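Trainee: My structure is below; once you've seen it, I'll send some questions.
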Amino acid sequence: MTSSLPRKNPQYNWSLKTQGVILSSIMYGLLIAQIPAGYLSGIFSIRKMIGCSLLLSSLLTLLTPLAATAGEAFLMACRALQGLGQGTTLTAQHVIWVKWAPPLEQGRLTSMSISGSVLGPFIALLLTGFICQSLGWPMVFYIFGACGCALSLVWFALYHDNPEAHPCISVAERDFITASLAGQVSSSGHTLPIRAMLRSLPVWVISLTSFAYFWMMRIIIFYSPMFISSNLHTEVQENGMLSALPYLFGWILSFLSGPMADCFLARNILSMLTVRKLFTTLGLLLPAVFSVCLASAGSSIQSVVVFLVLTNATTSFCTVGMLINPLDIAPRYYGFLKGMTILIGMTGGLISTTVTGIILDQDPESSWFKIFFLMAAINVTSLILYLIFAKAEIQDWAKERQHTRL
């Protein structure tokens, strides 16, 4: 929003520190939404929760240029409210698979759905350069906001909360899904075993890897265009294309990782725990290595593009690693547990965007190595703890109803 073409692109004299705070303000709404969304997703209709949240976020996207004109505070408030809507959608969507995904297809279905979070940035970054160049940056928000509103209407028309309620599903498919999930129940009507969750080491290592994952992803999503601009000195349109390229490969890898994991499980090649640890290792360790290489790549466009693609794409392995692990250890409380782990992960995202903005504000040209090295250190530390303490079987506190109070 601070680029050229002043007639089409209003400019604001915001420091890098202020930009970091604005970028991270959406995280406050995301943080607040996680626990309530996780709990309520086990009680209320997922169809209504996601549809309404998507519509709210899309309407606020349409209002973003007006909020920016009104001032920094209004823009931060708008983005925080967007975070509420997006946070609800982010958490509630995972609960879909509690009622829809047979155990041996969970990796495939989860990776396919989560791959949209990689495909979305690819399309957005690819198009925003062209839109900003020809129509101005406010049109980016108008176009994507309108698309989001339309998508929410499609969601209400096509999605149903369970196989029994779907009017188009075949009887054979419905019976197969319900039979495969017969022993898996939701948390509705059950007291949440909060104390047992807080004492569970598997829950904590999933939370720590979520912290590292969101720390890493927020830096990649928010600061890749700035890194490309400062190192390669590209124009807006070219920057958008280069920033989008890693997401294309990330989407392909995310789309393929689910079938790979399900194949290992279906053929009894690897155990569930080994699959989770393997893909978590690939999704945290490889980006750590490639990000340090990226920081040392200098101004060589070939090296920057290669390492940027590898850093971003390999994060997709986490889709069938630690990101789906809560479904293994507590399917009954999956919605709440997913909200809890994402809350801790989002905290990492909030801190990372703010810290990155502060570091860049002090020394924009030579700070990237510090940023990527810190990211790599957090990844490796959390991964070591995950490899030691992670589990993939249903925990005792998730097997039977417990009357644990807060």
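The values are calculated or read from the model by the stated rules, or taken from the named source; none is laboratory data. Predicted model only: the values in this text are computed from it and were never measured. Methodologically, a virtual Cβ is constructed for each residue, glycine included, from the backbone with ideal geometry; neighbour enumeration extends over all protein chains shown. Only protein heavy atoms, including side chains, enter the accessible area calculation; ligands, DNA and RNA are left aside. Shrake-Rupley method; radii C 1.70, N 1.55, O 1.52, S 1.80 Å.
Trainee: Where a Cα-Cα gap under 22 Å defines reach, which lysines qualify for LYS48, not counting those fewer than 8 residues away within the same chain?
Mentor: By straight Cα distance, LYS48 reaches LYS99, LYS338.
Trainee: What does the C-alpha gyration tensor say about the overall shape of the chain? Classify as rounded when a/c is under 1.5, otherwise prolate if a/b is larger than b/c, or oblate.
Mentor: On the way: a/c = 1.75, a/b = 1.42, b/c = 1.23.
The shape class here is prolate.
Trainee: As an exercise, use a Förster radius of 30 Å and the Cβ-Cβ distance of LEU104 and ALA150 to find the FRET efficiency, rounded to the nearest 0.05. If you can, show how the numbers build up before the last one.
Mentor: Working: r = 35 Å, r/R0 = 1.15.
For R0 = 30 Å, the calculated efficiency reads 0.30.
Trainee: Calculate the length of the line joining the C-alpha centroid of region 37-70 to that of region 81-140, in whole Å.
Mentor: One Cα centre to the other: 13 Å.
Trainee: Now a separate question. Of the peptides 381-389, 111-119, 154-162, how do they stack up when ordered by the mean number of other Cβ atoms within 10 Å, highest first?
Mentor: 111-119, 381-389, 154-162
Trainee: Now a separate question. Averaged per residue, what accessible area in Å² does region 114-226 show with a 1.4 Å probe, protein chains only?
Mentor: Accessible surface, normalised per residue, equals 47 Å².
Trainee: Defining a contact as two alpha carbons under 8 Å apart and six or more residues distant in sequence, what relative contact order in percent does the chain show?
Mentor: Value for the chain: 28 percent.
Trainee: Same structure again: Show me the ranking of peptides 65-75, 347-357, 320-330 by mean Cβ neighbours inside 10 Å, starting with the highest.
Mentor: On the way: 65-75: 15.7, 347-357: 22.2, 320-330: 26.7.
In descending order of packing, they fall as 320-330, 347-357, 65-75.
Trainee: Quick check: the angle from helix 116-134's long axis to the longest principal axis of the chain, C-alpha only, nearest 10 degrees?
Mentor: The two axes meet at around 20 degrees.
Trainee: Another question, if that's okay. Can you classify region 193-400 as rounded, prolate or oblate using the Cα gyration tensor, where a ≥ b ≥ c are the square roots of its eigenvalues, rounded means a/c under 1.5, and otherwise it's prolate if a/b beats b/c and oblate if not?
Mentor: Values: a/c = 2.52, a/b = 1.73, b/c = 1.46.
Judged from the Cα gyration tensor, region 193-400 comes out prolate (a/c at least 1.5, a/b above b/c).
Trainee: In addition: Take the alpha carbon gyration tensor of region 27-77, find the square roots of its eigenvalues, order them as a ≥ b ≥ c, and report rounded if a/c is under 1.5; if not, report prolate when a/b exceeds b/c, else oblate.
Mentor: Oblate.
Trainee: Given a 1.4 angstrom probe, I'd like the percentage of the accessible area of the chain that is carbon and sulfur, rounded to a whole number.
Mentor: On the way: 12120 of 17790 Å².
After summing per-atom areas, the C and S share lands at 68 percent.
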